[in-house]
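Please read the structure below before turning to the comments.
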Amino acid sequence: MTNAHTTVWTERRATRIAAGALAIIAALGMGGAAGGSSTPATQLAADPRPWTAKVAPDVVALAASSAGDLDVLIKFREPSEVRALSVAAQAAPVRLRWIADTADAIERDWSAGGVRLLDRYSHVASAHVSVPVALLATLAEDPRVDAIVLNRKVRKLDATGSAYMHVNAIQPPDTGSGVGIAIMDTGVDWTNPELSPLGTKTIALFDAFHTAGDPAYANDNEGHGTKVAGIAAASGLNASAIGTAPASTIVSVKILDSTGNGTENGIISGINAVLSSVGAGNPYNIRAANLSLGGYSGSGSAGVLDQPCDAQDSVMAGAFQQLTDAGVVPVVASGNGACTVGVSWPACISASLAVGSVYDKAYDHSSYGGSLQCNAPGVSGCTDTLPTAGTVACYTDSGDKLDVWAPTGSITTTKGGGYTTDDPDPNKRLFFGTSASTPYVSGLVALLAQASPSTSAATIRLAIRNTGTAIIDPRNGVTRNLVQADQAVAGLSCPPSAAPANLGANTPAACSGDQVVVSWSPVSGAISYTVQVATDSIFSNPTSSTVTTAAYNFSSTQATAGTFYFRVQANVICGASPWSDTVQVNYSPQCQTSYTHTYYLSGIAHLPGVPPAVWNSDVSILNAGTASASLRVTFYGVNSFPPAVTQALGGGQQVTWTDVLGSLFGLSQDKGMIVVDSTAPLQTLSRTYSKLGSGSAATTYGQSYVGIEAGQALTTATTGWFPSLRSDAPFRTNLEFVNTSAVQSDVRVSFFTAGGSRLGSTIVTVPPLRWVQIVRALPSGQASAFAKVQVLAGGAQILGSASVVDGNSTDPTTIPMWVQ
C-alpha cells in the first residue's frame, strides 16, 4: 500500500507533523481559558499500535480493491487533559480550540499528499476526509490519528402505541413539557398543526443540505421525519395521533436527503449540532436524539457488524458517548433486515438504546415486501400470520445488542398537511417498522427527563432498558423488555449502587489467545455489569461490554505487547454505580508455551448438594505418549477464578489430584469446570462423588466425566440428545452445559416421554467459557424419558452431560450428550 514516492514524502512530512503537534501543545499550554485562567500543557502519549490496528477492517478491504480516494472519517487522539473536558465541559473553549487546531494541522500537513479535509466538526474530535489509497497506511501512523473508519451509508427504516406502553399511567403530570427531542431524520414539516408553530413547538436546528435562511432549512421534503416526529411529540389535536410526549419540543436535525438516504458524516454533523446547542446552554433542553435509520456493511447476515460495533466505528462510538455525557440519550432503530445475529448500524454502538418492534395488538395478517438484509437468497420480504400483541415483528433486527422492544402496528401519525390515515394510497396509511417503534422510546425519554430533570442520560437509559415486560424473540431466544412508562418512571427512584469491590484477574500476564477472567464481588441489586477494557490507565479509548454475572472473559490476539486495564460498574434499575478500582494484565503477543490441545472437564465440585450429599471431585490426567507434556490446568467456577496451575507430565505417567478444588486450587467451596491445556494429546478424567454428609468418610464411587475437546461440541447446525433419563422416586436428573466459545448462547432443552410425547421445555443461558447446571431438570414422575438439545445462537460451541442421581444412595450416573 506504500511506494517509494510515498516513503520519501513521509520522511519530509515527519518534521512538519512534529512541529505542528508542538504548536498545538504550546497553544494549549499558554492559552487562557474563560475568565483568564491558564490551561495545563498537554501531550499525546506514545501510541504503540501498528497502522492496521487503527484502520477499520472494511476500510482496509476497500483499499485493497481500490486505486482511487477513500471516503472516510478520522478520529483524533485526544490528550488526557482534553479528553477529561469532553465529559466535564464539552464546550470548554480550550477543548473546542484543540479540535479546530488539530483539524487545521492535519489538513496543512497532509494536503500536499492529496488528503482533502471535506468536513470538520466543532464539538466532535473527528473529521471527514478523502484519502488516496497509497497514503492510508502513513496517515494512520500519524500520532494524532486514533482511528480511520468508513463514511458509511445509511437510510430511513420503513418496513413498507402509547397505550400499550402504559403512557396514560403517568399523564398527567409527565407530558414532556420543557424537554427537547432531536429528530435526526429527513426533517420535520412544521406546517402540520400537530407540529407547529416553528420556533416554539418545532425548532429548525440543523440541515446537512440547505443553508440557514433557506425556507427549506430543516424542513421535510420526504415525509419520514414528520411521521417519526408525530409519534414522539404530536400535540394531540387529533386524539388518535397524540405523541408519546405531546408537550415536548421537536428539534429538527435534517441529515437524510429527499430520498431518505444519508451518510455517517451527515449523522456526525447532526450530532455536532446537538452538542453545540447543549454546550451553548441547551436552550431547547434536548434530552433525546432519535435516529430511525440504519445500514449494513455488506450483503446478508455477514453485513451485520460484530456486536457491539464500537471497535469497528470508534468515531460513532465516541460521538454517542459524547451525547450521553451531555445528557442526551441516543435512541436508535434496530433495523428492518429480519436479522437475528445482531442489529443494524449504528444501533450496534454500545451507548445507543437500540429499539426493536413488537405488535401493539392482534392483526389478521401482516406482510412486508422487498429484499430484507438477512433474507435467504431468492426470498423476498417476510410475513407474520395472525400476530398478537407482543409478537416480535418478522422484519425487526435482533441480537445481543438489542436493548428494548417498543410498539409497531397500524399507527396513526403526522404527515405533510395532515395524518397518515388521510393518504389516498392505502399502502401509505400505515407506518410500520423499527422507525415507528423508536420515537415511542424517544418520547419516553422526554417523559422521564421531565419527571426527574437532574437524572443523567445513562441512568434514564438503564431505567428504560431494565424495566418493562419481558418478551422473548423465538427466532434466536433473545429476551428483552417491552418498554413500560410507569415502570420506567418508578425505576428512576432507587438507592445508588456501590462500586464493585475485589476486582481481580486470574492471571497477572497473558499472551496471544490466552483466556483472562476478570471477576469481582457481586453487587446487591445489580441487573448487569459494564466492563471496560483499555490500553491505558485513563481509559481514553475503551471497549465496553455488558455481562450479567460477576465475571468477564477476555482474550486478545493483537500483534504488539502492552498492558490491558479493566474496570467495572454495576447497573441497577435506576442507574450505574461509580467505576471500580482498576486491575491490569500485562500482554505479550508471543506465548512461551504453545498449547495444541484443550480438554473440558464438567461437573467439578466441592460443596453440599441435596441432603445428605456433599460433592467432591478428583481429577486424573494420563500422558500415554513417550514425550513429556506441558500442562495448564484452569478452574472456571460459579464464584471463583483462581490462577491457572502449570506443570510438566512425563511420557507414560499419570497425575491425580484428590478433591482437586481444595488440593490444587485451595478453594473451600465452589462448582464449575476445569480446562486442561496441553502440548500433547492426553487422557483427562474427573470423578465426582458424594460423601454422605459433611466430614463423612463414607462415599459413593460417583460418576466419571471424560475430558472433551471443543471439536465435539454441539452447534446450531447439530442436535444433541440425552437418552435414559429418570425422575421417578427416588431418582432426579440434573443437566450440565459448558460453553467452550467466546459467544454467549441460549440452549433449549425439550423433554419427551419414552413414547415421544412432549413433556415441556426449558431455556438456559450459558455465558462464554462457563459451566451451567440445571438441577431437577426433568419434570417429576418419569421412569423413562429423553431430551433434545438445541443451541439457539450462532457461533456457540456447547458440551453437555446429564446426571441421573439415586436419591437414596446419592450415587450419580453420567449420561453423555449424543451429538447428531
Exactly one of Thr434, Thr479, Thr467 is modelled with pLDDT under 90, open to solvent by less than 20 Å² (accessible area, probe 1.4 Å) and either within 21 Å of Leu402 (Cα to Cα) or touching a strand residue (DSSP E or B) at 6+ places or on another chain (Cβ under 7 Å) (or both), and that one is Thr467
Of everything in region 99-123, what is within 25 Å of Ala208 (Cβ to Cβ) and either part of a helix (DSSP H, G or I) or at pLDDT below 90 (or both)? Give them in sequence order.
Ile99, Ala100, Asp101, Thr102, Ala103, Asp104, Ile106, Glu107, Trp110, Ser111
Complete set of residues in region 390-410 that are open to solvent by 10 Å² or more (accessible area, probe 1.4 Å) and at pLDDT below 90:
Asp400, Ser410
I'd like to verify a number: residues in region 105-128 that are open to solvent by 20 Å² or more (accessible area, probe 1.4 Å) and among the polar types (S, T, N, Q), how many?
2
In contact with a helix residue (DSSP H, G or I) (Cβ under 8 Å, 6 or more places away or on another chain) and not polar (S, T, N, Q) - does that describe any residue in region 726-733?
no
Would a scan of region 328-349 turn up a residue that is open to solvent by less than 40 Å² (accessible area, probe 1.4 Å) and over 22 Å from Gly433 (Cα atoms)?
yes
For region 711-722, indicate whether the set of residues that are closer than 16 Å to Thr598 by Cβ, touching a strand residue (DSSP E or B) at 6+ places or on another chain (Cβ under 9 Å) and assigned to a strand (DSSP E or B) is non-empty.
no
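In region 254-261, is there at least one residue being of a type in the set (D, E, K, R) and open to solvent by 10 Å² or more (accessible area, probe 1.4 Å)? Walk me through it before giving the result.
Quick first cut of region 254-261, residues of a type in the set (D, E, K, R) only: 254, 257.
Subsequent filtering for residues that are open to solvent by 10 Å² or more (accessible area, probe 1.4 Å) retains 257.
Among the residues of region 254-261, at least one is of a type in the set (D, E, K, R) and open to solvent by 10 Å² or more (accessible area, probe 1.4 Å), which makes the answer yes.
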Kindly list, by first and then second residue, each pair from a residue in region 592-605 that is of a type in the set (Val, Ile, Thr) to a residue that is open to solvent by 50 Å² or more (accessible area, probe 1.4 Å) and assigned to a strand (DSSP E or B), limited to pairs with Cβ atoms under 7 Å and residues at least 6 apart or on different chains.
Ile604/Lys671
Is it the case that Ala245 is open to solvent by less than 20 Å² (accessible area, probe 1.4 Å), of a type outside the set (D, E, K, R), more than 30 Å from Ala125 (Cβ to Cβ) and assigned to a loop (DSSP other than H, G, I, E, B)?
yes
The residue that is farthest from Tyr368 (Cα to Cα), considering only those in region 398-413 that are in contact with a helix residue (DSSP H, G or I) (Cβ under 7 Å, 6 or more places away or on another chain) and not in a strand (DSSP E or B), is Asp403
Looking at region 545-555, is at least one residue open to solvent by 40 Å² or more (accessible area, probe 1.4 Å) and not hydroxyl-bearing (Ser, Thr, Tyr)?
no
Under the condition of being out of contact with any strand residue (DSSP E or B) (no Cβ under 6 Å at 6 or more places or on another chain) and among the hydrophobic types (A, V, I, L, M, F, W, C), which residue from region 312-342 is modelled with the lowest pLDDT?
Val341
Single condition Arg95 does not satisfy, out of (1) open to solvent by 10 Å² or more (accessible area, probe 1.4 Å); (2) at pLDDT below 95; (3) of a type outside the set (Asp, Glu):
(1)
What strands (runs of 3 or more DSSP E), lying completely within region 416-521, carry at least 3 residues that are closer than 18 Å to Val343 by Cβ?
479-482
How many residues does region 723-757 contain that are more than 22 Å from Trp771 (Cβ to Cβ), among the hydrophobic types (A, V, I, L, M, F, W, C) and assigned to a strand (DSSP E or B)?
2
Anything in region 68-87 that is part of a loop (DSSP other than H, G, I, E, B) and out of contact with any Leu (no Cβ under 8 Å at 6 or more places or on another chain)? List them, or say none.
Gly68, Glu78
Filtered residues of region 169-225 (kept if out of contact with any helix residue (DSSP H, G or I) (no Cβ under 8 Å at 6 or more places or on another chain), within 20 Å of Tyr419 (Cβ to Cβ) and either of a type in the set (Gly, Ala, Ser) or surrounded by fewer than 23 Cβ atoms within 10 Å (Cβ to Cβ) (or both)):
Thr191, Pro193, Ser196, Pro197, Leu198, Asn221, Glu222, Gly223, Gly225
Condition first: under 32 Å from the mean Cα position of the chain (by Cα) and assigned to a strand (DSSP E or B). Now tell me which residues in region 780-818 satisfy that.
Lys788, Val789, Gln790, Val791, Ile798, Leu799, Gly800, Ser801
Hey, does region 571-590 have a residue that's assigned to a loop (DSSP other than H, G, I, E, B), charged (D, E, K, R) and open to solvent by 20 Å² or more (accessible area, probe 1.4 Å)?
yes
Filter region 45-66 down to residues that are in contact with a helix residue (DSSP H, G or I) (Cβ under 6 Å, 6 or more places away or on another chain) and of a type outside the set (Val, Ile, Thr), then give me how many there are.
4
Consider Thr102 against the criteria (1) open to solvent by 10 Å² or more (accessible area, probe 1.4 Å); (2) in contact with a helix residue (DSSP H, G or I) (Cβ under 8 Å, 6 or more places away or on another chain); (3) polar (S, T, N, Q): it satisfies all of them except one. Which criterion is unmet?
(1)
Could you list, in sequence order, the residues of region 50-68 that are crowded, with 16+ Cβ neighbours inside 10 Å and either touching a Pro at 6+ places or on another chain (Cβ under 6 Å) or more than 21 Å from Ala319 (Cα to Cα) (or both)?
Trp51, Val60, Leu62, Ala63
Based on what the data block shows, is Gln484 over 20 Å from Gly356 (Cα atoms) and surrounded by 18 or more Cβ atoms within 10 Å (Cβ to Cβ)?
no
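Checking the conditions here, which among Ile267, Ile250 is open to solvent by less than 20 Å² (accessible area, probe 1.4 Å), assigned to a helix (DSSP H, G or I) and among the hydrophobic types (A, V, I, L, M, F, W, C)?
Exactly one residue qualifies, and that residue is Ile267.
The values are calculated or read from the model by the stated rules, or taken from the named source; none is laboratory data. Here the structure is a predicted model, which means the values were calculated and not measured. A quick note on method: Cβ atoms are made from the backbone with ideal geometry, for glycine too, and the neighbour counts reach across all protein chains shown. These area figures cover heavy atoms from the full protein model, side chains too; ligands, DNA and RNA do not enter into them. Shrake-Rupley method; radii C 1.70, N 1.55, O 1.52, S 1.80 Å.
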